[in-house]
Amino acid sequence: MDSTTRWSRDGITKHQEPLPVWIVALGHTLWSALYNLYFNPLRKVPGPFLSSISPIPLLLMSWSDTPHKQILALHQNYGDVVRTSPDSVSCLHATAWKEVYGHRKPGQPENLKHPGFVAEVASGIIGADTETHTHQRHLLAQAFSAQGMQRQEPLIRHHVDRLFRCFEEHCTEGRSLDLAKWFNFFSFDIIGDLSFGESFGNMARGHFHPWIATIMEFFVAQHDMAHFRRAYPLLEAMVGPLAKMFAAKIISKHNMFMRTQVAKRLALEPSRPDFIDGMKPDHAQGKEGLSLEAICHNATIFVVAGSDTTAIALAGATYLLCTHPEVLAKLKEEIDSSFDSEEQITLLSARRLRYLTAVLDETLRIYPAALGSVPRRIQRHGETVGGHFLPGGTSVDIWHWAMYHNPANFTEPEVFAPERWLGDPRFRNDKKAAFQPFSTGKRSCIGQNLAHSEIKQIMARLLWKYHVALVDREWLEKPWHDQRVRASYVRPPLNVRLILRQEKLKSD
Ligand code: HEM
């Protein structure tokens, strides 16, 4: 019997037309809208009407140029916890980090990352299930420990010296340079060396290695796909293979490069103070290590998570200092009184500087290097977050940028004031717990110490040696860091002129 044949009451078959597709779709849409409005357990969470019945507004916002600002505006209208789609909420209250990301009691399941957001690197640390994550984090712990960093110091120093040689060349020849670009050259070079045993050679070449454009395209494509997957998981399952076919060239180019680089690194000497060392199998020692795929996925994660973020923080700090002369003067005073020569400024010695730490924290608050959200899925028993019960499966976003620009969390959030981290009573009502630029809990940033040390060493050395002057008048009139977003910030050039500090020439 074909699908259009039915038995009639008198036993004679007759042909019926199937319901037109548009009626089925309309019926489904109406039923979903009614369910989401009146029966969905999230119905009491405040939010825009359209968002409560359809994932489209959240999808369009995520694909727009200003998702960070739009999410903040939503919270200012609807409060701390906002329903952003039928099964998603966004939180902007200071304790949200602890409630959603915090360490769990024994036996309590974790709120795992939304699988749609980590699909491309599923075997790596960032999307691993609880057990695999603990195992991978354990293997990587040594490379990211204080001891590991001490072993990496000569390798890192080599790249920092290279960056300063480039600065010197520009300075001697009286040429300006785009610091945003140079910080990116530097941070990719260093992560290349720590992840593959080979720098990308950006600084030597004065332009990006061709593969970096591929990985950046990969990052943006992955971001767009992730939001689509969250909005329409079934549709994604249908059109995903098609989308992959179009993206296949980028993905296979990326995978081939990754495999070649990782294989080259694995063939190097048995031990090298880098990120791969802890993950690779060591049969002589009976160590299993990780699979080649897991190592490749982690190497991708290191490059994406560790390069651009560091460069964003460095460029942001430089710009904010150039436009806040009183902060710059105070910081120079601290640096000058701490070091007699450029050589004294190391990864470890720069970490001690208290005012520099406050400048970096304030930079990451105003211009967080990781600005968005990697949503979590509430574990199967559900959780109470911001006073609302969220059932298992709810997707929860916490946006860094919006959290730090929320006046409910920070007094005068648009003002760059490192003093807020040093006990200034003007900022006594700030909710410090809201500030988690490296995330929190067991999945917080493993590279936090490395990032802090690198950034502080470079900032201290830059300001010890040079006066930094902005070249483009435009950025004196409007904020350079108020940028359009496409997975991360779309950064315009930050052209500066570096002028040697005469007094340092004498003392060095
Ligand atoms: C200013 C610099 C940096 C910032 C602001 C930053 C921020 C973050 C944040 C917010 C997360 C959590 C992401 C999530 O929820 O999925 C994270 C995770 C991570 N970061 Fe960073 N990061 C920085 C530098 C680095 C560096 C230098 C590395 C070194 C390779 C690194 C490696 C990682 C890794 C491997 C994870 C995943 C950790 C895990 O899942 O256990 N990051 N980072």
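Coordinate-derived values only; no laboratory data. Remember, predicted model here, so these are calculated numbers, not experimental data. All Cβ positions, glycine included, derive from the backbone under ideal geometry; neighbour counts span all protein chains shown.
If you take every DSSP beta bridge fully contained in the range 21-507, what fraction is antiparallel? Give it as a percent rounded to 5.
Working: 20 of 23 bridges.
Taking every DSSP beta bridge within the range 21-507, about 85 percent pair in antiparallel fashion.
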> Hull surface divided by four, with the convex hull built on the Cα atoms of the chain: how many nm²?
Replying inline: 30.1 nm²
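Assign unit charges at the C-beta atoms only (+1 for Lys and Arg, -1 for Asp and Glu), then state the dipole size of the chain relative to its Cα centre in Debye, rounded to the nearest 20.
840 debye
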> Any idea what the relative contact order of the range 21-507 is, in percent, if you count C-alpha pairs under 8 Å spaced at least 6 apart?
Replying inline: 24 percent
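Please order Asp361, Asp308 by the number of other Cβ within 10 Å, starting at the fewest. List each step's numbers first, then the result.
Working: Asp361 18, Asp308 25.
With the sparsest Cβ surroundings first, the list reads Asp361, Asp308.
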> If exposed trypsin sites (Lys or Arg not before Pro) are those in a DSSP loop with at most 12 other Cβ within 10 Å, what is the longest stretch of the chain that has none?
Replying inline: 176-351
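To the nearest 20 debye, what is the magnitude of the charge dipole of the range 156-274 about its Cα centre, counting +1 on the Cβ of each Lys and Arg and -1 on the Cβ of each Asp and Glu? Intermediate results must be reported in sequence, preceding the final value.
Numbers: 15 positive and 13 negative charges, 86 e Å.
Approximately 420 debye in magnitude.
When a footprinting reagent is the concern and you count Cβ atoms within 10 Å, what order do His114, His223, His467, His207 take, fewest first? Walk me through the numbers before you get to the answer.
Values: His114 21, His223 18, His467 15, His207 11.
Arranged by neighbour count, lowest to highest, His114, His223, His467, His207 become His207, His467, His223, His114.
What is the local net charge at Trp421, summed over the other residues whose Cβ is closer than 11 Å to its Cβ (Lys, Arg +1; Asp, Glu -1)? Show your work: numbers first, answer last.
Working: positive: Arg354, Arg365, Arg420, Lys432; negative: Asp361, Glu362, Glu419, Asp424, Asp430.
Counting the neighbours of Trp421, the net charge comes to -1.
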> Could you give me the ³J(HN,Hα) list for the range 91-106, computed from phi with Karplus coefficients 6.51, -1.76, 1.60 and θ = phi - 60°, whole Hz, x at Gly and Pro?
Replying inline: 10, 9, 9, 4, 8, 4, 4, 5, 5, 9, 9, x, 4, 9, 6, x
>> Largest first and in whole Å, what are the equivalent-ellipsoid semi-axes of the range 279-389 based on the Cα gyration tensor, each being the root of 5 times an eigenvalue?
In response: 36, 26, 14
